Amino acid sequence: MNRPVQLHPGWLELLGDEFQKPYMQQLRSFLQEEKKRYRVYPPGPLIFNALNSTPPDKVKAVIIGQDPYHGPGQAHGLCFSVPPGTPIPPSLRNIFTELHDDLGIAPPGHGHLQAWAEQGVLLLNAVLTVRHGQAGSHQGRGWETFTDCVINHINNRLEHVVFLLWGSYAHKKGAQIDARRHGIIRAPHPSPLSAHRGFFGSRPFSRANTYLKTHGKQPIDWQLPHEDCA
């Protein structure tokens, strides 16, 4: 790429070569054209927010989403998360419902998951950009190859990371994960269309912490700070 990539040095060391490959050059050209014609989310400095918020040596858990929210002010580079003051999307409301049922943690009143990311929960979408109002509009343009590379590095270089795979898309995305090295917790997607098919009652948060503690790692404090959303 012509401009330096805004990426944490730890990830840049692992992923820097990807930016020189033809698929990423093509993706860059595609995004440049998209931005001339449409609003693209999230803003440029936040495209790699998940990686910048959770360096590779800090990763303890991974939650895989599909692509960013496509409404104004929603996407900020962490899957399922929205900035403070933004209405909580339905899937995230269901995540908070399960969190309460699992660990007794009351919903925080906002949907900002940054505190999870800073504790080592990589909140990774498979596709890192989207066109305004058009879900899935940047699928098949190269992001999936890049995020597969992220997952492969975690799979091959780290041990005892717990993957929370919600929905068939995430299940397929995580198909290459070595279950002998890592924990895998599968459940249906928390969307209102599927949460009642087994996401509710799956207890992913307590199960993730049990796995981490079993392998000598500090568990995640899933309770989010209450932020001023005014």
Right, residue 37: of a type in the set (Lys, Arg), within 18 Å of the chain's Cα centre (by Cα) and open to solvent by 60 Å² or more (accessible area, probe 1.4 Å) or not?
no
On the given criteria, is residue 23 under 18 Å from residue 133 (Cβ atoms) and either touching a residue at least 12 places away in the same chain (Cβ under 8 Å) or open to solvent by 70 Å² or more (accessible area, probe 1.4 Å) (or both)?
no
Provide a single number: the residues in region 131-152 that are assigned to a loop (DSSP other than H, G, I, E, B), among the polar types (S, T, N, Q) and in contact with a Phe, Trp or Tyr (Cβ under 9 Å, 6 or more places away or on another chain).
1
Any chance region 97-109 includes a residue that's open to solvent by less than 10 Å² (accessible area, probe 1.4 Å), of a type in the set (A, V, I, L, M, F, W, C) and either modelled with pLDDT of 95 or more or over 26 Å from residue 202 (Cα atoms) (or both)?
yes
Pairs, please: C-beta under 7 Å, at least 6 apart or cross-chain, first residue within 15 Å of residue 121 (Cβ to Cβ) and in region 173-187, second of a type in the set (Ser, Thr, Tyr)?
183/211
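Residue-by-condition table, conditions (1) part of a loop (DSSP other than H, G, I, E, B); (2) open to solvent by less than 50 Å² (accessible area, probe 1.4 Å); (3) at pLDDT below 95:
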position: 29; (1), (2), (3): no, no, no
position: 32; (1), (2), (3): no, no, no
position: 62; (1), (2), (3): no, yes, no
position: 70; (1), (2), (3): yes, no, no
position: 75; (1), (2), (3): yes, yes, no
position: 79; (1), (2), (3): yes, yes, no
Of the listed residues (63, 47, 88), the one being farther than 15 Å from residue 147 by Cα and of a type in the set (Val, Ile, Thr) is 88
Pick from region 178-211, criterion buried (at least 20 other Cβ atoms within 10 Å of the Cβ) and among the aliphatic types (A, V, I, L, M), ranking: farthest from the chain's Cα centre (by Cα):
195
(1) open to solvent by 50 Å² or more (accessible area, probe 1.4 Å); (2) under 22 Å from residue 14 (Cα atoms); (3) part of a helix (DSSP H, G or I) all hold for residue 169 apart from (2)
Residue pairs qualifying under the 6 Å Cβ cut-off, at least six apart or on distinct chains, with the first in region 204-216 being over 12 Å from residue 61 (Cα atoms) and the second being open to solvent by 20 Å² or more (accessible area, probe 1.4 Å) and in a helix (DSSP H, G or I), are 206/103
Scanning for something under 10 Å from the mean Cα position of the chain (by Cα), part of a loop (DSSP other than H, G, I, E, B) and buried (at least 20 other Cβ atoms within 10 Å of the Cβ), does region 41-49 turn up at least one residue?
no
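The values are calculated or read from the model by the stated rules, or taken from the named source; none is laboratory data. Please read these numbers as outputs of a predicted model, since none were measured by experiment. Backbone-built Cβ (ideal geometry, glycine too); neighbour counts: all protein chains shown. Areas reflect the complete protein model, heavy atoms only, side chains present, ligands, DNA and RNA absent. Shrake-Rupley method; radii C 1.70, N 1.55, O 1.52, S 1.80 Å.
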